[in-house]
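Trainee: Sending over a structure as structure tokens; questions will come in a sec.
The values are calculated or read from the model by the stated rules, or taken from the named source; none is laboratory data. These figures come from a predicted structure and were not determined experimentally. Please note: Cβ atoms are built from the backbone with ideal geometry, for glycine as well, and neighbour counts cover all protein chains shown. All accessible areas refer to the heavy atoms of the entire protein, side chains included, with ligands and DNA or RNA removed. Shrake-Rupley method; radii C 1.70, N 1.55, O 1.52, S 1.80 Å.
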Amino acid sequence: MSARFISLEGGEGVGKSTQARRLADALRTRGLDVLLTREPGGSPGAEAIRSLLLEGDANRWSPGAEALLFAAARADHVTRTIDPALSEGQWVICDRFLDSSRAYQGMAGGVGDAAIQNLHQIGSDGRLPDRTLVLALTDTDAAARADARDAGCPDRIGGRASDFHAEVAQAFRDFARDDPERIRLVDASGSEGEVTERLLAALADLLP
Ligand SMILES: Nc1ncnc2c1ncn2[C@@H]1O[C@H](COP(=O)(O)OP(=O)(O)O)[C@@H](O)[C@H]1O
Ligand SMILES: Cc1cn([C@H]2C[C@H](O)[C@@H](COP(=O)(O)OP(=O)(O)O)O2)c(=O)[nH]c1=O
């Protein structure tokens, strides 16, 4: 059974980072070698770009410049971290990937999906996950979880208006509808353990 590339997606506070860790543990328990990584970041160059993206003034970058920086970070992450791990037979679980750029910069940010896909083709040879799990929660519940975690101090993009985040959530739902083989919506309500079980069920056809 070959290694698989899994991404976790969704808006702020839905539980992606929590579930990325839990899913990695669950797969390790099944005997798989797992690399847990995240975006923006996941390689030294991409982590340096992460601070440029998440710190500073709300209008620090134009939408286009922001999309280019995310694409550049992703290109480094794919080349230096993700591709080598997959080549060595490791399963890769990535906390956010291309679909975040499609939702945040492409749809909510107005850059457009075709432009984001073009940048991904140039930077990362169009590399796609084998399965993308979108954690879905009501906007109110997600905002409550994010507020409890961030104590009123979100990062540069997390702090955008609620309309922006509603557009992001809608974009993820549209992506899942348009590409049901790769992208699955998973109910993120309930306990952490319940959500992990749903994620494993959404990966059942890929698991050894
Ligand atoms: N199933 C859950 N039920 C209640 N709280 C949760 C659940 N999953 C995560 N949390 C909490 O919600 C907050 C946001 O979770 P996190 O994993 O950081 O989300 P994300 O990475 O999607 O922004 C954290 O404080 C986390 O402990
Ligand atoms: C990967 C990626 C993240 N982002 C944003 C989403 C988040 O607001 C921010 C950082 O992501 P992250 O640290 O995962 O935040 P959170 O845990 O709150 O979900 O970067 C984009 O706008 N485009 C992208 O391509």
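Trainee: Is it true that some residue in segment 162-169 is aromatic (Phe, Trp, Tyr) and closer than 28 Å to Leu27 by Cα?
Mentor: Checking segment 162-169: not a single residue is aromatic (Phe, Trp, Tyr) and closer than 28 Å to Leu27 by Cα.
Trainee: If only one of Thr140, Thr132 is of a type in the set (S, T, N, Q) and under 24 Å from Ile93 (Cα atoms), which one is it?
Mentor: Only one candidate passes the filter, namely Thr132.
Trainee: Follow-up question, since we're still on this one. Contact list please: Cβ distance under 8 Å, first residue in segment 99-123 and within 21 Å of Gly45 (Cβ to Cβ) and aliphatic (A, V, I, L, M), second residue assigned to a helix (DSSP H, G or I) and open to solvent by 40 Å² or more (accessible area, probe 1.4 Å), pairs at least six apart or on different chains.
Mentor: Leu119/Leu68
Trainee: What number of residues within segment 149-208 are of a type in the set (Ser, Thr, Tyr), assigned to a loop (DSSP other than H, G, I, E, B) and under 24 Å from Leu52 (Cα atoms)?
Mentor: 0
Trainee: Of the residues that make up segment 111-132, is at least one within 16 Å of ligand 1 (Cβ to nearest atom) and hydrophobic (A, V, I, L, M, F, W, C)? Show your work before the answer.
Mentor: Of segment 111-132, the ones within 16 Å of ligand 1 (Cβ to nearest atom) are 132.
Then keep just the ones that are hydrophobic (A, V, I, L, M, F, W, C); that gives none.
No, segment 111-132 contains no residue that is within 16 Å of ligand 1 (Cβ to nearest atom) and hydrophobic (A, V, I, L, M, F, W, C).
Trainee: Scan Leu137, Leu185, Leu199 and give me the residue that is in contact (Cβ under 8 Å) with a residue 60 or more places away in the chain, touching a strand residue (DSSP E or B) at 6+ places or on another chain (Cβ under 6 Å) and either open to solvent by 40 Å² or more (accessible area, probe 1.4 Å) or within 16 Å of ligand 1 (Cβ to nearest atom) (or both).
Mentor: Details: Leu137 fails: touching a strand residue (DSSP E or B) at 6+ places or on another chain (Cβ under 6 Å); Leu185 fails: in contact (Cβ under 8 Å) with a residue 60 or more places away in the chain.
Just one listed residue meets the conditions, Leu199.
Trainee: Restricting attention to segment 1-47, and to residues there that are within 16 Å of ligand 1 (Cβ to nearest atom) and of a type in the set (D, E, K, R), which single residue is most open to solvent (accessible area, probe 1.4 Å)?
Mentor: Arg21
Trainee: Something else now. Would you be able to say whether some residue in segment 153-171 is of a type outside the set (A, V, I, L, M), crowded, with 21+ Cβ neighbours inside 10 Å and out of contact with any strand residue (DSSP E or B) (no Cβ under 9 Å at 6 or more places or on another chain)? Spell out how you get there, then give the answer.
Mentor: Taking segment 153-171 as the starting set, the residues that turn out to be of a type outside the set (A, V, I, L, M) are 153-156, 158-160, 162-165, 167, 170.
Then drop every residue that is not crowded, with 21+ Cβ neighbours inside 10 Å, which leaves 165.
From what is left, the residues that are out of contact with any strand residue (DSSP E or B) (no Cβ under 9 Å at 6 or more places or on another chain) are 165.
Taking every residue of segment 153-171 in turn, at least one turns out to be of a type outside the set (A, V, I, L, M), crowded, with 21+ Cβ neighbours inside 10 Å and out of contact with any strand residue (DSSP E or B) (no Cβ under 9 Å at 6 or more places or on another chain).
Trainee: I want to confirm something. Restricting to segment 78-110 and keeping residues that are basic (Lys, Arg) and away from ligand 1 (no atom under 16 Å from the Cβ), which single residue is surrounded by the fewest Cβ atoms within 10 Å (Cβ to Cβ)?
Mentor: Step by step, filter segment 78-110, then rank; the result is Arg80.
Trainee: Go through segment 39-60 residue by residue and tally those that are in contact with a helix residue (DSSP H, G or I) (Cβ under 7 Å, 6 or more places away or on another chain) and of a type outside the set (A, V, I, L, M). It would help to see each step written out before you state the result.
Mentor: Initially, segment 39-60 is screened for residues in contact with a helix residue (DSSP H, G or I) (Cβ under 7 Å, 6 or more places away or on another chain), giving 39-43, 45-46, 49-50, 52-53.
The next check asks that each one be of a type outside the set (A, V, I, L, M); those that pass are 39-43, 45, 50.
So the answer is 7.
Trainee: Contact list please: Cβ distance under 8 Å, first residue in segment 150-166 and touching a residue at least 12 places away in the same chain (Cβ under 8 Å), second residue charged (D, E, K, R) and open to solvent by 60 Å² or more (accessible area, probe 1.4 Å), pairs at least six apart or on different chains.
Mentor: Asp155/Glu55; Arg156/Glu55; Arg156/Asp57; Arg156/Arg60; Ser162/Asp139; His165/Asp139; Ala166/Asp139
Trainee: Sticking with this structure for a sec: Which residue is nearest to Ser7 (Cα to Cα), if the candidates are limited to segment 84-136 and must be charged (D, E, K, R) and assigned to a helix (DSSP H, G or I)?
Mentor: Looking at the filtered set, the residue picked out is Asp99.
Trainee: Next up: When the residues of segment 140-149 are narrowed to those that are open to solvent by less than 80 Å² (accessible area, probe 1.4 Å) and at pLDDT 90 or above, which ends up nearest to ligand 2 (Cβ to nearest atom)?
Mentor: Taking the candidates together, the pick is Ala142.
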